[in-house]
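The values are calculated or read from the model by the stated rules, or taken from the named source; none is laboratory data. Because the structure is a prediction, the values reported are computed rather than measured. All Cβ positions, glycine included, derive from the backbone under ideal geometry; neighbour counts span all protein chains shown. Just the protein is used for accessible areas: all its heavy atoms, side chains included, with ligands, DNA and RNA removed. Shrake-Rupley method; radii C 1.70, N 1.55, O 1.52, S 1.80 Å.
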Amino acid sequence: GSLPETPDCVKADPNHEPDPWSWAPEDETALRVARMPSRLKQYYRKGNVKGCLKVLAEGVLGTLDPAELEPGRQARAVPAVEARLREVLGQRVLARGVVGARLQTWLGRVADAAVRMQRDTPLNDDDIAFIRYGPSDPLELVKALIDHKQPRWLMGWRDITNATNERTVVASVFPRVGVGHTLPIMFPAEVDGLFPVLVAQLSSLTLDYVSRQKLAGTHLTYFYLQQLPVLTPKAFGKADIAYIKNRVLELTYTSYSMRPWAEALGYTGEPFAFDPDRRAQLRADLDAFFAQKYGVCRDELRYILDPADTHGSAYPSETFRGLKRNEMERYGEYRTGQLVLAAWDRLEAGGEFGELGL
């Protein structure tokens, strides 16, 4: 009922990949992860040409100024909308009756959906150019758009968990593969340099401590994840992002399958060595950094790591019991607690944690 753990010596091989237990069709995986509206995917599956063009037209509409799509200004926006549709999708949209006989009526009916579509699955200038100069056949165009809108890597978290595990929130980036429902996928907004910040923050001890107060059961669902205190992008300056990115890159890029992720972060070198001691230090650096970002003082951090450290061994509460127990058995000491507090002290003293030479 359980698989053997992969030893560190095997993880140190950048060519090693685990064998999947289950398999999913590659074309279905590509369709599902493409950053495109779900309705467009449904129409494409059915071979519905008119439906595909309808959703594409709404997507193009969403790239216009949202103020122009407000009900009181839609009549004046009709010429600009018609020009935009002709420019990007050509006569095929109007000729096939996709928007109906009256453009203003269609505009009033789909404006809200177009704005939501641009928010959830946005089209950028590159996408618009791709649609404009892509295949003339609508289904071939959508097929090409599926390939164009493929992510090079995925980000998600483990649904099955427990407040007594070493970590309650287990989040990471991974190659573009088919996954089951117990590995939910997130598609964060594209903000320059902040993908590694998000995954590091979700993996931090401080956020994990909060998740343990909220979780009831063994499923970390979207409902729980959306309640977690994730800091906004404005909380991180350029120096913060660089500091986090370098450490996350070294922690995540240990396999050739993660090369697309590394390249997305601007790194084109070989995978990093899988060194457990080095990785423990990097994680401690990040845990101390995020504890400060959350405004936690040193005594509060000591409590988060182990309440017995601040309230004595008779205190009835525990936080990271599983992590402490496993490290005591493995190392004879609570290594994470010591490393995180030492990293905190260096940060407080204004010392650098050390450059990674990237």
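Here are the numbers:
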| quantity | calculated |
| --- | --- |
| The range 230-314, relative contact order [Cα under 8 Å, separation at least 6], % | 20 |
| Rounded D (µm²/s) - the range 229-358, Kirkwood Rh over Cα pairs, Stokes-Einstein at 10 °C, 1.306 mPa s | 97 |
| Lys, Arg +1 and Asp, Glu -1 on Cβ, resulting dipole of the range 168-325 about Cα centre, debye, nearest 20 | 200 |
| Acute angle (nearest 10 degrees) that the helix 138-148 long axis makes with the longest principal axis of the chain, alpha-carbon atoms | 20 |
| Percentage of interatomic Cα-Cα distances in the range 111-254 larger than 27 Å | 35 |
| Helix axis angle, 238-252 relative to the chain longest principal axis, alpha carbon, degrees | 80 |
| For the range 320-335, Karplus couplings with θ = phi - 60° (6.51, -1.76, 1.60), whole Hz, Gly/Pro x | 9, 4, x, 5, 5, 4, 5, 6, 5, 6, 7, 10, x, 7, 7, 5 |
| Segment ARG132-LYS149, length gained on full extension (0.36 nm per residue, minus Cα span) | 4.6 nm |
| Equivalent ellipsoid semi-axes - Cα gyration tensor, the range 276-348, angstrom | 19, 17, 9 |
| Spatially near lysine pairs across the chain, Cα under 30 Å, sequence gap of 8 or more or different chains | 26 |
| ARG116 - accessible surface, heavy atoms, 1.4 Å probe, Å² rounded to 10 | 120 |
| Reference-scaled alpha-carbon Rg (2.2 N^0.38 Å with N residues) for the chain | 1.20 |
| Interchain or long-range residues, amide H under 5 Å from HIS219's placed H | THR161 |
| Separation in nanometres of the label points that stand 7 Å from Cα toward Cβ, at THR105 and ILE185 | 3.9 |
| Share of carbon and sulfur in the accessible heavy-atom surface of the chain [1.4 Å probe, %] | 51 |
| At R0 = 30 Å, FRET efficiency that the Cβ-Cβ distance of GLU87 and ASP192 yields, to 0.05 | 0.60 |
| With all protein chains modelled, accessible area of GLU17 [1.4 Å, Å²] | 80 |
| Simple spin-label estimate for LYS234 and THR268 in nanometres, 7 Å along Cα-Cβ | 3.7 |
| Bins of 10 Å from zero: percent of alpha-carbon pairs in the range 196-280 | 15, 38, 33, 14, 0 |
| Backbone HN-Hα couplings from phi across the range 284-293 [Karplus 6.51/-1.76/1.60, Hz, Gly and Pro as x] | 5, 4, 5, 5, 5, 4, 6, 4, 5, 4 |
| Relative contact order, percent, the chain [alpha-carbon distance under 8 Å, six or more residues apart] | 16 |
| Computed over the range 210-358: relative contact order in percent, which uses C-alpha pairs under 8 Å that are six or more apart | 19 |
| Gap separating the Cα centres of the range 231-251 and the range 43-70, nearest whole Å | 36 |
| Ellipsoid equivalent to the range 1-115 - semi-axes via the Cα gyration tensor, in Å | 46, 17, 12 |
| Quarter of the Cα convex hull surface for the range 52-172, i.e. its orientation-mean projected area (nm²) | 10.1 |
| Computed label-point distance, nm, for sites ASP120 and LEU347 using a 7 Å Cα→Cβ extension | 3.7 |
| Most mobile of ARG32, ARG283, ARG325 in a GNM of the chain (Cα contacts under 10 Å) | ARG325 |
